[in-house]
Structure formats: C-alpha cells, structure tokens
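Structure, as structure tokens:
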Amino acid sequence: MAPAASVAVENLNPKVLKCEYAVRGEIVIHAQRLQQQLQTQPGSLPFDQILFCNIGNPQSLGQQPVTFFREVLALCDHPCLLEKEETKSLFSADAISRAKQILATIPGRATGAYSHSQGIKGLRDAIAAGITSRDGFPANADDIFITDGASPGVHMMMQLLIRNEKDGILCPIPQYPLYSASIALHGGALVPYYLDEKTGWGLEISDLKKQLEDARSKGIDVRALVVINPGNPTGQVLAEDNQYDIVKFCKNEGLVLLADEVYQENIYVDNKKFNSFKKIARSMGYGEDDLPLVSFQSVSKGYYGECGKRGGYMEITGFSAPVREQIYKVASVNLCSNITGQILASLVMNPPKVGDESYASYKAEKDAILQSLARRAKALEDAFNKLEGISCNKAEGAMYLFPQIHLPQKAIEAAKAAKKAPDAFYALRLLESTGIVVVPGSGFGQVPGTWHIRCTILPQEDKIPAVITRFKAFHEVFMAEYRD
Amino acid sequence: MARKPLDYEELNENVKKVRYAVRGELYLRASELQKEGKKIIFTNVGNPHALGQKPLTFGRQVVALCQAPFLLDDPHVGLMFPADAIARAKHYLAMTPGGLGAYSDSRGIPGIRKEVADFIHKRDGYPTDPELIYLTDGASQGVMQILNTIIRNERDGILVPVPQYPLYSASISLYGGSLVPYYLEEEANWSLDFVNIRQTVAEARSKGITVRAMVIINPGNPTGQCLSEANIKEVLQFCYHENLVLLADEVYQQNIFQDERPFISARKVMFDMGPPLSRELQLVSFHTVSKGNWGECGQRGGYFEMTNLPPKTVDEIYKVASISLSPNVPGQIFMGVMINPPKPGDVSYPKFTAESKYVHESLRRRARMMTDGFNSCRNVVCNFTEGAMYSFPQIRLPPRAIEAAKRAGKAPDVFYCLKLLEATGISTVPGSGFGQKEGVFHLRTTILPAEEDFPAIMSSFKKFNDSFMEQYEGYSRM
C-alpha cells in the first residue's frame, strides 16, 4: 500500500496556494488551448487567430528591437566578432566601440562568468550616470542592484519587509498583480488604496490616510507604500503636486516608498511628464538619509520592449548599512542576474547621444515606436468609448487600457450561474467569439460592483482596425443578448 | 523616534538568518584586498570563465545570431558563421515569435523543452514529458521555487547532505523551514550512511519535525563524490518508504573525473527499479548551463524536471512561475545548445568536440593535481575530486591554532582561510560555510585556475600551510 504522496495540494505551502496572477491565469490558459485547436482543426473556431492582448510583451506582437542595442549585445555575446574584418561592415562603429567599452569593464571580458552580485560595476556606473542625467540629482552605483527583470527586486523587498501576516503593504487598486501575488507569497497583508476612476485614476492622499488608519486600527503594521507611475493597468501619469504629497505622506507616516517606474519612457500626453520619486524627494530637500526609497526600472517596457532578456534594476536609497548588507546577502544567494540583461539595463539608461553615429537611426526607431503607441492608445480608447455601456479613461502612459464595462444585470446573473466573476465571464465570451485575449479587471482589483478588462495597446498598428471591428461586433451581440 | 520599517531590527527574521558563505566574509575580504592592489586568485565559486576558461564557440555563435537577426539577412553571414550555427539560430528563432525580446511561455519555450526531453530520453533510455520540464533562470531559481512550494512552516524539514552547497541551507532559512542534516562519511569517500540517515530522521520526527524531502547532490558539492547505482537505489527506496520527495541536484553530471562511477541519473535508476516505486516516488531533478564543459554561469540557464507530481501540484508550481513571467530567453537557447550540441557530420562538430574535450581533460588533470598537491601538505588530507569542480581538503588544525582563532573571534577554518588569503591571495571558502562534523575543519577551493598556474598555486599553498603548521605546532616529528 503506497504511502500518501508527499507533495500534494493538501500539504503545499499555503502561501503558494493563496497567491494569484491573472495575467497568465485561467483565460490565458484557455486561449493557449484554443490556439492549439486552431492548429490541429483549422476552421473549427469563429476566428483564425488568437490575439494576445493580455500581457505587456511588445516584441511578441511584432515590435522590433532597437538595432543599436542588439548590435552591442551580439558583439558582447560573441566577442570574437570584434577581431574579424567583416564586422566593421556589418555593425555600426559606435556599437563596436560601446561593446569594447563594456567588455573592458567585465573582468577577463568573460560575459559567461558570474558577476558581482549587484551587477558588473562598470554597468552600474553607466546606470547611475543615466539616472543622474535624467533627474539632475546624483545617483550612486553602490545603490543599484541589477536583477533578472524588475520583478525579482520587488520580491526581494517584500521578503525583507514582511515578517508575518500583520505586516501590511499599501497597494493601489487597481494594481499590477505582481504586488498582490508577492505579498501573498511572503505572507503579508495587502492594504488597498483606491485610485479614483472618475478623476482619471487620481490618487487622493485623504483616501491613502484613511486606508492606513483603518489598517492600523485592525492591528496591521503598515510598512511600505507601492506607487506605480505611470500606472498599470490604469495608465495615469502622476501630477507633480500629487508626487510631493505622496513623498510627504511616506515621510510623516514612516513608510518605505516602493516606486515602480518601469513605464517611465511610455508617456503619450504632452501635458504630463515623468518625474522619478527620487527627483521629487531631492527637490523637496529630502536627502540621502531622510527617506527610504526604492525605484524599480526594467528593460521590458519603454520603446525597447526587451521582455525576454529579463533585465532591470532597483535603486535603493535611504537605507542603513546593516540593511544594505542583508539585501546584498539575499542577492548573493542567487549569485548574479544574467549578464545580457545587465548590459541591456546599462544601454537603456545610457543610449546613443546626439553626435553618435547611431543616434539618428536610434532616435528614428524610438520615436516611431512611441508615436505609434500613442496613436494606438488613442484609437483603442476612442473605440471603447463609442461602445454601449463602456467608459474608458485615457492611457496617459504605460501600455494598457482599462475600460469599465457596465454589465447588465442579466449578464451578471448568467456569470453567477456559470460560477464566474462577471468580468471573467465577459472576457471568456470575448475570447471564444473573437480570439482576443484580455485580462478581467478582477485580476487587478477594482471598486466592488464595477467591472473592467485590461487590454494592451500592443497589436501592430495595421491590426488595430480589425481588433476594433471584431470587439465592436462581439460587444453588440453580447449586449443584445443580455440587455435589461 | 519611531522605528522605521527598514531599520535592521525591523527586518524579516528569516532574511537575517540566511547565510551564504560562497560570497560571504572571505570573498568580501578578498575583494577589499583586490581593490588595494593585491593579486587575488578567486577559487570561492564554481565560475570557470572568470578563471580563463573559454566559452564553447558554437553556443556563442548561435546566440549572437539570435540576438542580432539582421546578420542572418546579410549575404556575407556565411563568411563569419558556420552553416550549422546559422541553421540552429534560425531553428530557435522560428520557435520564438518575437525573438529573444519577448517573454516566452512561463515554463520556457516549448520547442526547447522538447529538446531537453529528447536529451533526457537519450541519456536515460526512458521517455519524459516536456510539459513537466520547466526552464529557469539558473538551477538555483528552480531549487528555491520547489523548496518554497514544499515548506509550510518551521516544522517542515528537508534532509540535506552535510557538507552541502549552501543554496540549500540559505533557502530553507529564507522560507522558514528546518534543515535536517545527514552527514557524509569523509573516511569512506564521502559516502552516505543510511544508519545515520535513519537516526537523523527519527530524531527530527521526535522533535515534531515532518521530514518532507531529501536532497542529494550528485556529483557532490563541495565533496565531489559520484554516487554508485547501488547508492542511488538505496536513496530511492529510502525516500519511497519514508514518503519523501527526492530533490536530485545533478548540475555537475558532465563533470566526471573517474571511470568507475559514471554519471547515472536518479530518474534512470528509478525507472530501472520499476513499479510501484517508479510510478509513485516523487522526484525533481535539476540541471544547469553553468557547469559541465560549458561553464556559462552568467547566462543564468537551467531547468527542473518533475516526475510523479500530482497535476494540481504542477499547476501551483506553474502559477508561481508565471508571476515571474518567463526565464530569460538567451539562457534558454544556451540550454538548447548544451543538451543538443553539434553531431558527427555537422560542420562545427570537430571544433566543438575538440574544445569540449580540451576543457574536460584539463579539468580531469587538475582534479588529480589538486588532490595530490593537498595530500602532500602537512596536516592536510584530501579525498579525490571524483566529479564537480571543487576540492574539499580537511585541514587538521593544531590546538594552538584553534586557540588563536578563538582569541581572534573567528571560527578556526575561517581564521586559517583568512591567513591563507593574506599570505597567498588564494580566496577559498571555509568548510563551515558548507557544514562539517564538529571539530573537523575544511576549506573549499575550485579546480578551475588555469592549468599552467597550478604548480605555482599549489606550491604557494604548501609554503603557507607548512609554515602555518610550524608556527602553531612546532617542528614536525618526522
């Protein structure tokens, strides 16, 4: 008689069981099954293609990488190329010299070796220089930890901050579910603060304060505030005044400010610009020691969209030396992040400049991508707003639209009968009718009784009209079926 | 003044408990000395390229082409890259809509997981399911993920060999579990002693610990021993009867330096043993691109393979993997090329074989040189490095040295290693970083310094050691 299986759902780590991540959750798994069905039984579905609009993965939908970055990476991957004559005719001169410069900062030019656990020093210097140039305030290479994407950095901070289920982290609702998932995984409490849909997803300090006090009255020790700017899924870019208030709030309440700034290069409106929270804090007069602040950046977004490389960093300021040692120690257990991602992080923060041979083509590629993203954001926003019962805030930045779907009561009941959340029910029907994959708003959090979907703006521009047409057709049928 | 959340006292206790000596005190001191201009030989971590080992050309050619696909469009690409590298790059690019810059499936690119499955099938003679193979950012991420899935609280215990690679002890601390040590027998070539293991498990259980899993590292780190088929059978039977999941760290499977015990995977032995064990025992096996003849540590490529895990458990593991979106794509391609290298008849085959053979045979020579070199030193006894990349000599420290260490506020092996570092620039890791029996001291070094530097390094070590022993023991009574 075999003993009961050692590792079964009944005896797994409950924190693993509790966490959820809708971006690659149920709807997406179903979409992958349908995609396989299209291959094995063509014509068996009312559409001929699955369109993944669930995930901020630009290059999977045809966005091209920045040529200069790839030139440098290829040369660093295979430095023998630098000794070949043909290389000069295949690669730009500044890519060649940048690769040489980068290789010179790597001990032994060994891109296959584990590096310093915070990342190669020379690359951190380049990142620090890029931050300084962006903000006008100095940044220090020792404050930078290069990670396999921004996500591991977030996990590290949650691990550090969360001691038990009474430690709380303030998170925006709606939020990118990495935060809810990692808080659950590390056994803490998510303390929600609601962004206001009616004011373009504005952040009210009074609401923040209310949620904080509420949590404290329940015995929660609130330790940090997560701000995502530009927002995901909401796309709003914070106004400077708002940012001042947030910094003051963290200072007064003794909170660590965790600033997710991965969409800093994705801004589509002229009346807003990106200000890093470090810049805001320093310009308010808060120095190094006055405010614990972590800024997360990634190579996956912006105009570079290099998701598959897993590159990113966190910049940590306002922490004591013993704490920094602990962060270093945890980073060292994994030895180091992947070298390609490290190099890319340094390129993203230190791209070609005016006068460089590649500058013109680099700038053209960058502008084309960002302008196209802005056009797609607008086209989809307008299209959603024309549909019955749908209201969609503008995407000022990031890569997503988060329209609210006012679902008729009949639809809500049909969802209940199907044992699905109403927005998941809608998203599933959308998928099955059109092949378009979105993520239900419940995956991000929303005001109870409201329903949303998150849809990326990433399908190539020439596909957008078809997306709009298909979506419109589906929605009209859906509303006809369930209209009260 | 109110406590701030990131004051040291306010940190997660589990984080504070973590120890990872491989980049701990000795390494930090060595880095300081290096900054001051001292020449340091870093033998603290299995990092071959950092010590001059060259990457295998084929892998780099394939990844460079995937990185910059515009090269494939150039009419002259055939002058710069061999045809099979070009074909292989196209093969992998065809598997990745969006190329290297897109998040892949959270489990890794399906086509590469299929290649890994084919490799395992060919190696072991038993088929495996690509759906149960997950690519990860290095094997370490896989180990941490699996341990985090298993460990619920401090009463969950994980059987770990001592000495062990401290990723295991660090992860168990981080996730709040209990490390249940089983001691490898140094005098019997670091073998497993099941009497001891059973005792250890009984003791743990009497303290209220639920032992959930057993880790084996084969070939061993830091100890280098290669398990025999009989050993592995015993391990499997033990895990089956005690209801443990077996975690088989097999990252050094390509680094075998003797002929008596070639590598045999835990999975193969399990299937050879047949049902019911082969159908019920839960097994997770780990592999990497960081070791072997490849040594591509910086790429962060690895995988774990699950056998006999219930589908719902696999779903949970998938869920957690999906939060990190995907393993890095270049690392996945390195994994593909490693387990599916050039074959006889391929253009790159001769060069690839020559490069790999060179690395392998040199490592084999260095394993022997280092063992013999340590054994020629006073008060040093060293088991042969049968596999992996390390040497773990026992240093018989004289009582006066141990006292001096106490006075200096250091563990005796830390004291010895610091003095070794300051005298010679050789940066090792004290045995206490890996665990050892009480009162027995070791250090871990790698066999990775360049072959031509070996005589100088071993003689430098010997000079230091023998004078250290003289200082603390007096003249040898030989």
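What follows draws every value from the coordinates through simple rules; no lab data is involved. Everything numeric here is computed off the predicted structure, so don't read it as measured data. FYI the Cβ positions are ideal-geometry reconstructions off the backbone, even for glycines, and counts take in every protein chain you see.
Listing for the model above:
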quantity	calculated
Gyration tensor verdict on the range B:344-421 (Cα atoms; rounded if a/c is under 1.5, prolate if a/b is larger than b/c, oblate otherwise)	prolate
Note, ³J(HN,Hα) from phi for the range A:175-189, Karplus 6.51, -1.76, 1.60, rounded to Hz, x at Gly and Pro	9, 6, x, 4, 5, 4, 5, 6, 5, 5, 4, 9, x, x, 10
Convex hull volume per residue in cubic angstrom - Cα atoms of the range B:110-237	124
Principal axes of the range A:123-217: Cα extent on each, largest first, Å	43, 34, 21
Environment charge of residue A:238, counting only residues whose C-beta is closer than 10 Å and scoring Lys/Arg +1, Asp/Glu -1	-3
Computed [θ] at 222 nm, deg cm²/dmol, the protein assembly as shown (DSSP H ≥ 4; -39,500 (n - 2.57); rounded to nearest 500)	-13500 deg cm²/dmol
Proxy reagent accessibility, fewest Cβ within 10 Å first, across A:154, A:477	A:477, A:154
C-alpha center-to-center spacing [the range A:119-170, the range B:394-415] in angstrom	39
Cα convex hull of the protein assembly as shown, projected area averaged across orientations, nm²	40.7
Pairwise Cα inverse-distance average, inverted: Kirkwood Rh of the range B:345-478 (Å)	16.1
Selected from B:146, B:120, B:106, residue furthest toward positive end of dipole (the range B:89-179; charges at beta carbon)	B:120
Relative exposure of B:267, B:205, A:454, A:70, judged by other C-beta atoms within 10 Å (fewest first)	B:205, B:267, A:70, A:454
Rg in Å to one decimal, and Dmax rounded to a whole Å, for the range A:141-180 via C-alpha atoms	12.0, 34
Cα gyration tensor shape for the range A:222-302, rounded if a/c is under 1.5, else prolate or oblate	prolate
Length-normalised contact order of the range A:46-117 in % [C-alpha pairs under 8 Å, at least 6 apart]	27
B:307, A:469, B:210 arranged by Cβ crowding within 10 Å, fewest neighbours leading	A:469, B:210, B:307
Anchor residue A:472: lysines whose Cα lies under 26 Å away (excluding residues fewer than 8 positions away in-chain)	A:198, A:378, A:386, A:394, A:410, A:416, A:419, A:420, A:463
Dipole of the range A:177-265, positive direction: furthest Cα of A:195, A:234, A:212, with charges on the beta-carbon	A:212
Stokes-Einstein D (µm²/s) once Rh is taken as the Kirkwood radius of the range B:273-356 over alpha-carbon pairs, at 37 °C in 0.692 mPa s	213
Cα gyration tensor shape of the range A:173-325, rounded if a/c is under 1.5, else prolate or oblate by comparing a/b with b/c	rounded
Centre separation in Å (Cα based) which lies between the range A:390-447 and the range B:152-192	47
Neighbouring partner chain Cβ atoms per residue of B:47-56, average, 10 Å criterion	5
Net charge over other residues, Cβ less than 11 angstrom from the Cβ of residue A:180 (K, R count +1; D, E count -1)	0
Residue-averaged beta-carbon neighbours from other chains (10 angstrom radius) around A:132-140	0
Alpha-carbon Debye profile of the range A:426-484, log10 I(q)/I(0) at 0.12, 0.13, 0.17 Å⁻¹	-0.32, -0.38, -0.64
Percent of beta bridges antiparallel (DSSP, the protein assembly as shown, rounded to nearest 5)	50
Candidates per GluC sites (Glu not before Pro) in the range A:235-313, loop by DSSP, up to 15 other Cβ within 10 Å	A:288
Approximate spin-label separation residue A:375-residue B:360, in nm, with each point projected 7 Å along Cα-to-Cβ	5.6
Calculated P(r) tail over 42 Å for chain B, as whole % of Cα pairs	19
Axial C-alpha extent at least 24 Å, average Kyte-Doolittle at least -0.5 - helices from chain B (DSSP)	B:454-473
Beta bridges by DSSP in chain A, antiparallel share as percent, to the nearest 5	50
Relative contact order of chain B, pairs being alpha-carbon contacts under 8 Å that are 6 or more residues apart, as %	21
Alpha-carbon centroids, the range A:344-377 and the range A:248-288: separation in whole Å	23
For the range A:320-477, average projected area of the Cα convex hull in nm²	14.9
Rg(Cα)/(2.2 N^0.38 Å) for the range B:281-419, N = residue count	1.53
Two-site label geometry, residue B:210 and residue B:456: point separation in nm, points 7 Å out along Cα→Cβ	5.7
Estimated dipole of the protein assembly as shown in Debye, rounded to 20 [Cβ of Lys and Arg +1, of Asp and Glu -1, Cα centre]	700
Exposure rule at most 12 other beta-carbon atoms within 10 Å, DSSP loop GluC sites (Glu not before Pro): chain B longest free segment	B:37-259
In Hz, Karplus ³J(HN,Hα) per residue of the range A:205-221 (6.51, -1.76, 1.60; θ = phi - 60°; x = Gly, Pro)	4, 4, 5, 4, 5, 4, 5, 4, 5, 3, 4, 4, 5, 8, x, 8, 8
Karplus (6.51, -1.76, 1.60) ³J(HN,Hα), θ = phi - 60°, over the range A:414-424, in Hz, Gly and Pro reported as x	4, 4, 4, 4, 7, 6, 10, 5, x, 6, 5
Rg in Å to one decimal, and Dmax rounded to a whole Å, for the range B:166-242 via C-alpha atoms	12.9, 34
Within chain B, percent of DSSP bridges classed antiparallel, to nearest 5	50
Pairs of Cα atoms farther than 38 Å apart, chain A, %	29
Cβ-Cβ FRET estimate between residue A:476 and residue A:367, R0 fixed at 30 Å, reported to 0.05	0.25
Distant-in-sequence amide H partners of residue A:202 (H built 1.01 Å from N, under 5 Å)	A:196
Charge dipole of the range B:1-135 about the Cα centre (unit charges at C-beta), most positive-ward option of B:97, B:59, B:72	B:59
